[in-house]
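Trainee: My questions all concern the structure below.
The values are calculated or read from the model by the stated rules, or taken from the named source; none is laboratory data. All values reported here derive from a predicted model rather than from experimental measurement. Cβ coordinates were reconstructed from backbone atoms using ideal geometry, including for glycine residues, and neighbour counts include every protein chain displayed. The area values use the complete protein model at the heavy-atom level, side chains included, leaving out ligands, DNA and RNA. Shrake-Rupley method; radii C 1.70, N 1.55, O 1.52, S 1.80 Å.
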Amino acid sequence: MKASVGLRRDAVGLREVLFQSVTAMAPAAAVAASIPSGAAFAGGSLPLSVLIALVACLLTASCVAELARELPSAGSVATYAAQGLHPAVGFLVGWGYVFVETLVPPLLLLQLGFTTAGTLHQEWSSYPADLWWPWSLAGAAVITMTGYLGVRASARFGTVLGVFEVLVFLVFAGWLIGKAGADNTLSVFGTSHTADGYGGVSGVFAGSVYTVLAFAGFEAAAPLAEETRDPRRTMHRAVLGAALAIGLFYVVTTYAMTVYFGPDRFARFGASGAASWEGVARASFGLFWVLVFLAVVNSTIANANACANVSTRTAFALARARVLPRVLAALHPRHRSPVAGIAVQAVVAIGAVLGLGLAYDPVTAFLLLATVIVTVVIGVYIVVNLACAGYFLRRGRPVLRSVRHVVFPLLGIVAFVPALLTAAGLPVFDFVTELTAPVSYAGPVVGGWMAAGVVVLLVLVRRHPERISETARVHLDETLPAVLPQNGAVQR
């Protein structure tokens, strides 16, 4: 297995990479668990909060899409930061991004475990509610095998899972809207139904900050650039298409549940119990709740699979640049999958699931990992917005578009700063809850990892500065075949 062979070219197309981003956003799990957290503030105006979050995330998605078209690389956000700001910044972005994307699969496997065990216990009391870990291990085996078989198998697997979860919730949403009948109202897109104590715009804004976290993952198509047909065009369409399509999916599903459940009661809506998606399905729609449950379980596996692709491809790119251990660039001779990275991903997933899940409990472990992940990912989004502005300002005209390449990045940064403070538990706003142990350990964990990255960076700058410069390299451009157009000029 040699790193020089390279990832499999032209293995997937727009459909597969689109669903790479779609499943990385975990639409079913987000609708059922993440988005309802904003109801405590926005109440029945939560659909407006989701709409605001969609606009905010599209700003950053536009920046990622622009950079993905210009710089099709498995390094994705690391390459963007290296080109747009400085190679040292690119290294630190890659260092942090690989870390948290490696933690996403165990996060989702924990959710798979406690969701499945809890539901089975609710249906059959003889099933132990704390016997969650076999389901998590089974999920780990599935994503490891699909990753080993290569990007084509993994991406197609994600496409099937993504279509299923989206269709289930869209059908259910249509059913809810129909049942709501005369209670359908556009007032939920106003500020009249916010929760007590969070009146008007403040409640809607608070809800949108919590909701924006459900959009994380729209950039997950970018690390597949070197394995995608027509990557410049495909990456741009996949990133923007996923953010827009799933954003509208969030708006429709949240609207449907809000008008069915009742806007003025919606502040009590949550992720579990009678006032939840599964609770409503159980109470009102018979066995349809089984499909909702399966869609959420499906979403955890699909998300874990997509983020395993992200972590292993980004690690491959950094190992190829020799800023991470070279073994992570090793590829399977037939499937051309980064097998060493997949093995490391599996070990980390199983270790984190069992270590944290058994040391605390699976829900607490989930919250700890989620806080670590969201804090770093939102920081990465802020840096990528800066990189977009830096990259196009350096290139100047005629490629510079002031609105798309300067205004959008600045607005994207403004939109994500409140979400970053919220994820970190910094009580800058009155709706931010200060984190308690062990979830509060997330800050020191992130700080420790990034401090270690700075140490590694300083060592590399002193001993191997050329390796840091490699983080800005776009390998795909160097391997495209030369084309001789009619005017005789050789292009690539």
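Trainee: What number in nm² do you get for the stretch 319-358 if you take the convex hull of its Cα atoms and divide its surface by four?
Mentor: One quarter of the hull surface, i.e. the mean projection, equals 3.3 nm².
Trainee: Let me ask you something else. Per residue, how much space in cubic angstrom lies within the convex hull of the C-alpha atoms of the stretch 285-344?
Mentor: 80
Trainee: Measure of size requested: the Rg and Dmax of the chain, with Cα atoms as the atom set and Å as the unit; please supply both.
Mentor: Rg then Dmax for the chain, in Å: 22.1, 77.
Trainee: Is the shape of the stretch 42-113 best called rounded, prolate or oblate, per the rule: a/c under 1.5 gives rounded, else a/b larger than b/c gives prolate, else oblate, with a ≥ b ≥ c the square roots of the Cα gyration tensor eigenvalues?
Mentor: Oblate, since a/c reaches 1.5 and b/c is not below a/b.
Trainee: Can you give the relative contact order of the chain as a percent, counting alpha carbon pairs under 8 Å and 6+ residues apart?
Mentor: 32
Trainee: What order, most packed first, do the peptides 177-185, 142-150, 231-239 have when packing is the mean number of other Cβ atoms within 10 Å of each residue?
Mentor: Final packing ranking: 231-239, 142-150, 177-185.
Trainee: Can you tell me the dipole magnitude for the chain around its Cα centre, using point charges on the Cβ only (Lys, Arg +1; Asp, Glu -1), in Debye to the nearest 20?
Mentor: Dipole size: approximately 1820 debye.
Trainee: Follow-up question, since we're still on this one. Where the convex hull is taken over the Cα atoms of the stretch 352-434, what is its projected area averaged over directions, in nm²?
Mentor: Average projection, Cα convex hull of the stretch 352-434: 7.1 nm².
Trainee: Sticking with this structure for a sec: Name the residue farthest towards the positive end of the dipole of the chain from the options Gly379, Leu54, Ala33, assuming +1 on Cβ of Lys and Arg, -1 on Cβ of Asp and Glu, about the Cα centre.
Mentor: Result: Gly379.
Trainee: Shifting gears a bit: Treating the angle as unsigned and between 0 and 90°, give the value, to the nearest 10°, between the Cα long axis of helix 200-211 and the longest Cα principal axis of the chain.
Mentor: The answer is roughly 60 degrees.
Trainee: So if the hydrodynamic radius of the stretch 79-187 is defined as the Kirkwood radius over C-alpha pairs, what does Stokes-Einstein give as its diffusion coefficient at 37 °C and 0.692 mPa s, in µm² per second?
Mentor: Here the translational diffusion coefficient equals 183 µm²/s.
Trainee: Please compute the Kirkwood hydrodynamic radius of the stretch 83-135 from all pairs of different C-alpha atoms, in Å with one decimal.
Mentor: Mean inverse Cα-Cα distance, inverted, gives 13.5 Å.
Trainee: So which chymotrypsin sites (Phe, Trp or Tyr not before Pro) in the stretch 56-140 end up in coil per DSSP with only 15 or fewer other C-beta atoms within 10 Å?
Mentor: Trp124
Trainee: Taking the mean number of other Cβ atoms within 10 Å as a proxy for protection, how do you rank 445-458, 49-62, 317-330 from highest to lowest?
Mentor: 49-62, 317-330, 445-458
Trainee: So, one more: Nearest 500 deg cm²/dmol is fine: what mean residue ellipticity at 222 nm does the chain get from its DSSP H runs of n ≥ 4 alone, each adding -39,500 (n - 2.57), divided by its residue count?
Mentor: Per the formula, -22000 deg cm²/dmol.
Trainee: Also, quick follow-up: Suppose every K and R has +1 on its Cβ and every D and E has -1 on its Cβ; what is the size of the dipole of the stretch 280-390 about the Cα centre, in Debye to the nearest 20?
Mentor: Charge dipole of the stretch 280-390: 520 debye, to the nearest 20.
Trainee: Whole number in Å², please: accessible area per residue of the chain, 1.4 Å probe, ligands, DNA and RNA not counted.
Mentor: For the chain, the solvent-accessible area averages 39 Å² per residue.
Trainee: Angle between the Cα long axis of helix 46-70 and the longest principal axis of the chain, 0 to 90 degrees, nearest 10?
Mentor: Roughly 10 degrees between the two axes.
Trainee: With axes computed from alpha carbons, what is the tilt in degrees of helix 87-123 against the longest principal axis of the chain, rounded to the nearest 10 within 0 to 90?
Mentor: Around 30 degrees separate the two axes.
Trainee: Quote the FRET efficiency, to the nearest 0.05, computed for Val428 versus Thr185 with a Förster distance R0 of 30 Å and r equal to the Cβ-Cβ distance.
Mentor: It comes out at approximately 0.35.
Trainee: On the accessible surface of the chain, probed at 1.4 Å, how many percent belong to carbon and sulfur atoms?
Mentor: 66
Trainee: Okay, next question. Determine the dipole magnitude for the stretch 1-131: charges of +1 sit on the beta-carbon of Lys and Arg, -1 on that of Asp and Glu, nothing else is charged, the reference point is the Cα centre, and the result goes in debye to the nearest 20.
Mentor: Dipole size: approximately 340 debye.
Trainee: Right, something else. So how much slack lies between Arg265 and Ala451, counting 0.36 nm per residue of separation and subtracting their Cα-Cα distance, in nm?
Mentor: Roughly 62.4 nm would be gained on extension.
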